[in-house]
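As structure tokens, the structure follows; a few thoughts come after it.
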Amino acid sequence: MSLHRFTLGGVPATPWKNGGGSTRELLCWPPGAGLEYFDWRVSVATIAADGPFSRFPGIDRHILLLEGGGVHLQGEGIDHRLATPLQPFAFSGDAALHCTRLDGTSTDFNAMARRGRGSATVRVLQGESWALDGATHLLLLAVRGHWRLGEESLAAGSGVWWAGTPRSAHLVPGGGDAQLVAAGWQPAALASKAPPAPAQQAQPAMKVDA
């Protein structure tokens, strides 16, 4: 599959039904799967109000703070303050959580993977190079400074992703203060031969926040 380029400003923001925020979907894999059947999904969400956090049964989640004062996630064995930028936090989408803003509106980065279909990883690079050797499913988002991926140049707020085709390249920062988030996905063995299992939709009263 070809390389997909994007900027956060160019991705439409979808308001949540409860008015508590909005989501910019960066990728949803496989194409056309939607919220019910995706295997891998990456998005950026803006949280503007306190309230229930969306449940995604059967989904493993990773979240990190991009901007703002952060949020406090509580419920079903989870008590986590997402207050430090660029520190990933992994948790189960099965949990019913309440989200409380710590200091105004926050923007977070979300990666999801359907359990049994594959596994997701989130890595933060800060002024360090990274040799990509045959990565098949990867999204890169430049957060600060400039980055180069082969012939591609990434400025803050822009990124690229690809899926299904191995790529090898060298990711190089433009300076020691450059920051970038990398979200990868590894398909489970023989996953491509099995039909996707249906998932429950997020409860209507909750946010669609990823």
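Quick notes on this one:
- Cross-chain or 6+ apart pairs with Cβ under 6 Å, region 22-51 first and under 20 Å from A182 (Cα atoms) and open to solvent by less than 30 Å² (accessible area, probe 1.4 Å), then in a strand (DSSP E or B) and of a type in the set (F, W, Y): L27/W161; D39/W29; W40/W29; W40/W185; V44/F109
- Among the residues of region 7-21, those identified as surrounded by fewer than 18 Cβ atoms within 10 Å (Cβ to Cβ) and farther than 22 Å from P88 by Cα are G9, G10, V11, P12, A13, T14, P15, K17, N18, G19.
- Every residue from region 154-177 that is in contact (Cβ under 8 Å) with a residue 24 or more places away in the chain and open to solvent by 40 Å² or more (accessible area, probe 1.4 Å): G164, T165, P166, R167, S168, H170, V172, G174, G176, D177
- Qualifying residue in region 144-153 (condition: under 20 Å from the mean Cα position of the chain (by Cα), part of a strand (DSSP E or B) and in contact (Cβ under 8 Å) with a residue 40 or more places away in the chain): no
- Each residue in region 98-125 was checked for being among the small types (G, A, S), under 25 Å from A142 (Cβ atoms) and in a loop (DSSP other than H, G, I, E, B), and 1 pass.
- Number of the exception - A13 against (1) over 28 Å from T136 (Cβ atoms); (2) out of contact with any Ser or Thr (no Cβ under 8 Å at 6 or more places or on another chain): (2)
- Residue in region 120-131 that is modelled with pLDDT under 90, over 17 Å from the mean Cα position of the chain (by Cα), surrounded by fewer than 18 Cβ atoms within 10 Å (Cβ to Cβ) and more than 23 Å from S106 (Cα to Cα) present: no
- Subset of region 83-97 (residues that are surrounded by 15 or more Cβ atoms within 10 Å (Cβ to Cβ) and in a strand (DSSP E or B)): P85, F89, F91, S92, L97
- Here I78 meets each of (1) more than 29 Å from W147 (Cβ to Cβ); (2) open to solvent by 40 Å² or more (accessible area, probe 1.4 Å); (3) free of Cβ contacts under 8 Å to residues at least 40 places away in the same chain with one exception, condition (2).
The values are calculated or read from the model by the stated rules, or taken from the named source; none is laboratory data. Everything numeric here is computed off the predicted structure, so don't read it as measured data. Neighbour counts are summed over all protein chains in view; Cβ atoms, including those assigned to glycine, are modelled from backbone coordinates with ideal geometry. We work out accessible area using only protein heavy atoms, side chains counted, and drop any ligands, DNA or RNA first. Shrake-Rupley method; radii C 1.70, N 1.55, O 1.52, S 1.80 Å.
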